[in-house]
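> I have a structure here, written as structure tokens, and I will follow up with some questions on it.
Quick note: the coordinates plus some simple rules give every number you see, no bench work behind them. Note that the structure is a prediction, hence the values are computed from the model and not measured. Cβ atoms come from the backbone with ideal geometry, glycine included; neighbour counts cover every protein chain shown.
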Amino acid sequence: MRTELVFFDDTHESAKGTLRGFIAACVIIPITALWYGLIRQKIWKRSEEYKPTAKIIISTAMVYLLLVSAIGVQIPNSIGNAAVYGALVGLVVFGCMSLVSVMVIDGYDWWKVLADTALGVVSCSVASIAANTITGVV
């Protein structure tokens with residue numbers, strides 16, 4: 001399996017990559033918002049005083065930007081390759097975030113690592129398929 005990475009060497013490629021990243025964001029953000037906002041809240045109870053701060057909002061936006069940038073630079077030669085590449089991006093990013101969370105957050109257990117990593121694998125795979133299908137790459 002091979003894939004091509006494009007580093008936006010001209011305006012046309014930049015526009016296509018930005019569009020792929022935007023489409024990926026339109027897929028990933030609702031899936032993860034649903035997971036963290038509704039479903040996971042029942043699994044992992046938050047404290048009552050939790051309020052999103054500027055630090056949380058900015059760091060979340062930066063994570064999404066990096067995530068969709070990784071998906072936007074990839075040009076697969078098939079839907080299967082798009083799915084695998086997206087899944088690998090999700091595995092690495094969400095896996096690293098979850099493993100760091102185990103180290104620094106009390107009560108963040110291995111089931112949460114598995115659930116969050118699986119969410120990343122699935123959401124990034126779907127986002128990569130959508131981004132590359134809609135833009136006509138595959």
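> Can you give me the distance in nm between label points at residue 33 and residue 7, each placed 7 Å from the Cα along the Cα-to-Cβ direction?
Placing both labels 7 Å along Cα→Cβ, they lie 3.4 nm apart.
> Still on this structure: Can you figure out the FRET efficiency of residue 114 with residue 14, using R₀ = 35 Å and their beta-carbon distance, to the nearest 0.05?
With R0 = 35 Å, the Cβ-Cβ based efficiency is 0.40.
> Computed from these coordinates, which is Cα Rg over 2.2 N^0.38 Å: [x] 3.96; [y] 1.33; [z] 1.12?
Recomputing Cα Rg over 2.2 N^0.38 Å here picks out [z].
> Further, regarding this structure: Could you tell me whether region 86-138 comes out rounded, prolate or oblate from its Cα gyration tensor? Rule is a ≥ b ≥ c as square roots of the eigenvalues, rounded for a/c under 1.5, then prolate if a/b exceeds b/c, otherwise oblate.
Prolate.
> At 222 nm, what value in deg cm²/dmol follows for the chain if DSSP H runs of at least 4 each add -39500 (n - 2.57) and the sum is divided by all its residues, to the nearest 500?
Helix contribution divided over all residues of the chain: -24500 deg cm²/dmol.
> Further question: Where is the GNM fluctuation largest for the chain (alpha-carbon springs, 10 angstrom cutoff): 14, 69, 59?
So, out of 14, 69, 59, the one fluctuating most is 59.
> By how many degrees, between 0 and 90 and to the nearest 10, does the Cα long axis of helix 79-104 differ from the longest principal axis of the chain?
30
> Using the beta-carbon distance between residue 91 and residue 54 and R0 = 30 Å, what value does 1/(1 + (r/R0)^6) give for FRET efficiency, to the nearest 0.05?
That gives a FRET efficiency of 0.50.
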